[in-house]
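One structure below.
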Amino acid sequence: MIEFIAQNMAPIMFASLIIFLLIGYPVAFSLAANGLLFFFIGVLLSPYSGGSINLAWPLLHALPDNFYGTRVMSNDTLLAIPFFTFMGIVLERSGMAEDLLDTIGQLFGPIRGGLAYAVIFVGALLAATTGVVAASVIAMGLISLPIMLRYGYDRRLASGVIAASGTLAQIIPPSLVLIVLADQLGRSVGDMYAGALIPGLVLTGIYMLYILIMSIIRPNSMPALPIEARTLGRGVISLIVALLVAVGVSYAAYRYLVPAHGDNADILGATVGVIAIYIVAVADQRLGINMMSKLAQQVVIVLIPPLALIFLVLGTIFLGIATPTEGGAMGSVGALIMAAAKGRLSFDVIKQALASTTRLSSFVLFILIGARVFSLTFYGVNGHIWVEHLLISLPGGETGFLIGVNLLVFVLAFFLDFFELAFIIVPLLAPAADKLGIDLIWFGVLLGVNMQTSFMHPPFGFALFYLRSVAARVPYLDRITGKQIAPVTTGQIYWGAVPFVCIQVIMIGLTIAFPQMVMRYKGAAVEPATIDLKLPEMPGLSPLGTPPTDNGAAPANGGAAPAAPGTSDLSQPPNFGDTPPTKPAAPAPDLSKPPSFN
């Protein structure tokens, strides 16, 4: 019995961790306690393991180096997490989400499902600026859910749209989980961002396609905004004209800048066009010229600052100008500037943002420390080899491995959140994926899309909890219409999430079926036959492939070859332009006397 336990320590240890987590112990302490407990047991059972346990007490001395090494305290990659968290919380406090939802809701208001389209669109924008799911779901739940209920939206549909659009912050860069996945997989955060961008946008498009289908099948579940609610009036044609003018200015600037800036001229030209239309819209509003419609003014003024912030963060990372950490720092500064411009930057806002950032960063840090303790023991009992053999031996090869891994992550996501999955499961899956020849960036994005479902799973989805915390629990009087609005039940929130969980599962299949959505991060393939290597000419040397100029002839009489003109005599000290002193001749030795060594 003791031999059986000793030789199967890895699966027993993993099952014990799952039991610890299901009982309800905090993740960080469950990992650390599990690791230390089985380290003690492993040392005692090592003689009975037949060599499968490689643990000894001196191995505990490696823990301080694991804590302070490049995996935890000195990890530059994880430094991006507090920056993006701070940026997201400041933006949420600045009222950007409220302005965006109001303006985009007015823009899409005349069509059925317009508010739902607006929520998804703003969710994608918030995801690209904040990267924090909680901030997105809470902000849109507070702002858009009362409006959707006021105008007769189905409660299940409204709840599902808000929760699902908030989880876009999980997969659209600068997502926090993508940073953690890149760190655990040992890959670049910039490559992970570039790989996840297209799948995130495709998922956003599928959400909108679902709203379109539902607006046709069940038109009464998502009515258009009534005319009295469209306070910005009409003006879509004015907005289209403004966009065409911006495109024209951008093209003219591009033609002007291309001789001097080459490949960067398109980005600079677009920047000039955006700045020009923004200045025109602000001047038109402030001076009362009314050259643009009120709707066009508001859309331009509200949309461009967050889009500029997205470019400041993601554009600089994709162009290679800044690292993700530097991009997060610039984004934090940009968020402070945007909050100050709106007059909503105060000491309380900064204090709340810093407190929330510290709390989340400490949460991640302690989980990572616990994971280091767990992995020290788990690797010592050859757990990584057990997991690798288990996954590689799945039937179906690479396809079977992907199906099994995604089913495992999907089931565990019912009980664990994305940080726990990233720190516990991903380090065990990565070696097996690498051995099968799977690109780890693609694998990381696939896991990111899968772990996105952890926010939407009834009954433990965190996005559902966030929405439940801000949704009305009792009937209330609407402040605009004066009508009594029925509350949103927990069952309605859960049922509303189910279609979007199915959409996320479909997105997993699309990512597997069309890997080029992710693999485009590598850029265009280079054909080796087209590479032309040219070496610089070197004076005094014959070109490669030609005989030497002296045809290889040896010096006459066995003497040294004459020095080439312009070359130095290395047997002499260097000459810096002065006349070298004459070296006196050495006296001839007297061979009639014994040698002297004084």
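The values are calculated or read from the model by the stated rules, or taken from the named source; none is laboratory data. Only a predicted model underlies this, so the values are computations on that prediction, with no experimental measurement involved. Positions of Cβ are generated from backbone atoms using ideal geometry, with glycine treated the same way; all protein chains shown enter the neighbour counts. Each accessible area value is taken on the protein alone, full model and side chains, heavy atoms only, with ligands, DNA and RNA left out. Shrake-Rupley method; radii C 1.70, N 1.55, O 1.52, S 1.80 Å.
What to note about this one:
- Helices (runs of 4 or more DSSP H) lying entirely in the stretch 275-390 (those with 1 or more residues that are within 20 Å of the chain's Cα centre (by Cα) and over 28 Å from Val247 (Cβ atoms)): 324-341, 347-380
- For beta carbons closer than 7 Å, sequence separation of 6+ or different chains, a first residue in the stretch 135-146 that is touching a residue at least 40 places away in the same chain (Cβ under 8 Å) and a second that is acidic (Asp, Glu), the qualifying pairs are Ala135/Glu92; Ala139/Glu92; Ile143/Glu98.
- Screening the stretch 140-152 for residues that are among the hydrophobic types (A, V, I, L, M, F, W, C) and open to solvent by 10 Å² or more (accessible area, probe 1.4 Å) and picking the one that is farthest from the chain's Cα centre (by Cα) gives Leu149.
- Those helices (runs of 4 or more DSSP H) lying entirely in the stretch 396-485 with at least 1 residues under 21 Å from Ile506 (Cα atoms): 397-412, 418-424, 440-451, 462-470
- Filtering the stretch 277-290 to residues that are surrounded by fewer than 16 Cβ atoms within 10 Å (Cβ to Cβ) and either among the polar types (S, T, N, Q) or touching a residue at least 12 places away in the same chain (Cβ under 8 Å) (or both) leaves Val282, Asn290.
- Total residues in the stretch 19-46, condition free of Cβ contacts under 8 Å to residues at least 24 places away in the same chain and among the aliphatic types (A, V, I, L, M): 6
- Among the conditions (1) under 30 Å from Ile179 (Cβ atoms); (2) not in a helix (DSSP H, G or I), Phe29 misses just one, which is (2).
- Tyr256 of a type outside the set (Gly, Ala, Ser) and over 32 Å from the mean Cα position of the chain (by Cα): yes
- Failed condition for Pro226, given (1) open to solvent by less than 50 Å² (accessible area, probe 1.4 Å); (2) in contact with a helix residue (DSSP H, G or I) (Cβ under 9 Å, 6 or more places away or on another chain): (2)
- Complete set of residues in the stretch 229-241 that are in a helix (DSSP H, G or I) and either over 33 Å from the mean Cα position of the chain (by Cα) or surrounded by fewer than 16 Cβ atoms within 10 Å (Cβ to Cβ) (or both): Ala229, Val236, Ile237, Ser238, Ile240, Val241
- Which listed residue is in a helix (DSSP H, G or I) and at positive phi, from Gly262, Gly269, Gly248: Gly262
- Just so you know, in the stretch 259-274 the residues that are under 30 Å from the mean Cα position of the chain (by Cα) and aliphatic (A, V, I, L, M) include one that is farthest from Ile301 (Cα to Cα), and it is Ala265.
- Scan of the stretch 13-36 for residues that are more than 24 Å from Ser362 (Cβ to Cβ) and open to solvent by less than 60 Å² (accessible area, probe 1.4 Å), ordered by number: Met13, Phe14, Ala15, Ser16, Ile18
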